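*Asks:* My structure is below; once you've seen it, I'll send some questions.
Quick note: the coordinates plus some simple rules give every number you see, no bench work behind them. Since the structure is predicted, the reported quantities are computational estimates derived from the model, not experimental observations. Neighbour counts run over all protein chains shown; Cβ positions are idealised from the backbone, glycine included.
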């Protein structure tokens, strides 16, 4: 091969790879912002995040020492922050709001909402809803929100039962 062909081939390869590199960098920046936001939420309550998960526009984390759960979600600059002291929680359950399609079988695309709902020991307090996924705000693509919700339900049950 001559030098001109090598240069043109290298430029074409670079042009093909560049969008993927840029998307990856944007995703990392978004994840870093989410992590920083949930850590700031914990720091404001004099706690630190021990475990966390990031989901597109949302982050969930826990301080296992102080038994406190944090949730942060940013959808179109509408920020939702929730912190739950797990010692005050009586029960937590996973709620999936679904709709049936024409064939009456359920797929991931038929899930409208995935929430963790906390019932408090004090019956006068309203249940706390942490919305991990909503088709109206997060789009039709469910990534790992259902698996993350099940994982966190297990973590919360460990903390509430202990």
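*Asks:* Defining a contact as two alpha carbons under 8 Å apart and six or more residues distant in sequence, what relative contact order in percent does the chain show?
*Replies:* Numbers: 221 pairs, mean separation 23.3, N = 162.
Relative contact order here is 14 percent.
*Asks:* Can you give the extra length, in nm with one decimal, that the chain gains between residue 15 and residue 51 once fully stretched, where that is 0.36 nm per residue apart less the Cα-Cα distance? Mind dumping the intermediate values first?
*Replies:* Numbers: separation 36, 0.36 × 36 = 12.96 nm, distance 3.80 nm.
Between residue 15 and residue 51, full extension yields 9.2 nm more.
*Asks:* Another question about this same structure. What Kirkwood hydrodynamic radius, in Å, does the stretch 10-97 give when the mean of 1/r is taken over all pairs of distinct Cα atoms and then inverted? Please list the in-between numbers first.
*Replies:* Working: mean 1/r = 0.0668 Å⁻¹.
After inverting the pairwise mean of 1/r, the radius is 15.0 Å.
*Asks:* Among 128-135, 88-95, how do they line up by average Cβ neighbours within 10 Å per residue, starting with the highest?
*Replies:* Ranking, from highest mean packing down: 128-135, 88-95.
*Asks:* Tell me, what is the FRET efficiency for residue 151 and residue 5 to the nearest 0.05, using R0 = 45 angstrom and their Cβ-Cβ distance as r? Don't skip to the end; give the middle numbers.
*Replies:* Details: r = 51 Å, r/R0 = 1.14.
The formula returns an efficiency of 0.30 here.
*Asks:* Let me ask you something else. To the nearest 500 deg cm²/dmol, what mean residue ellipticity at 222 nm is calculated for the chain from DSSP H runs of n ≥ 4 alone, each contributing -39,500 (n - 2.57), summed and divided by the residues?
*Replies:* Numbers: 3 runs with 63 residues, N = 162.
Rounded to the nearest 500, it is -13500 deg cm²/dmol.
*Asks:* What's the exposure ranking of 112, 2, 138, going from fewest to most Cβ atoms within 10 Å?
*Replies:* Going from sparsest to densest Cβ surroundings: 2, 112, 138.
*Asks:* Using the Cα atoms as the points, what is the convex hull volume per residue of the chain in Å³? Walk me through the numbers on the way to the answer.
*Replies:* Numbers: hull volume 30.6 nm³, N = 162.
Residue-normalised Cα hull volume stands at 189 Å³.
*Asks:* To continue, here is another question. Based on the Cβ-Cβ distance of residue 123 and residue 31, what FRET efficiency does E = 1/(1 + (r/R0)^6) give at R0 = 45 Å, to the nearest 0.05? Please list the in-between numbers first.
*Replies:* Values: r = 38 Å, r/R0 = 0.85.
E between residue 123 and residue 31, to the nearest 0.05, is 0.70.
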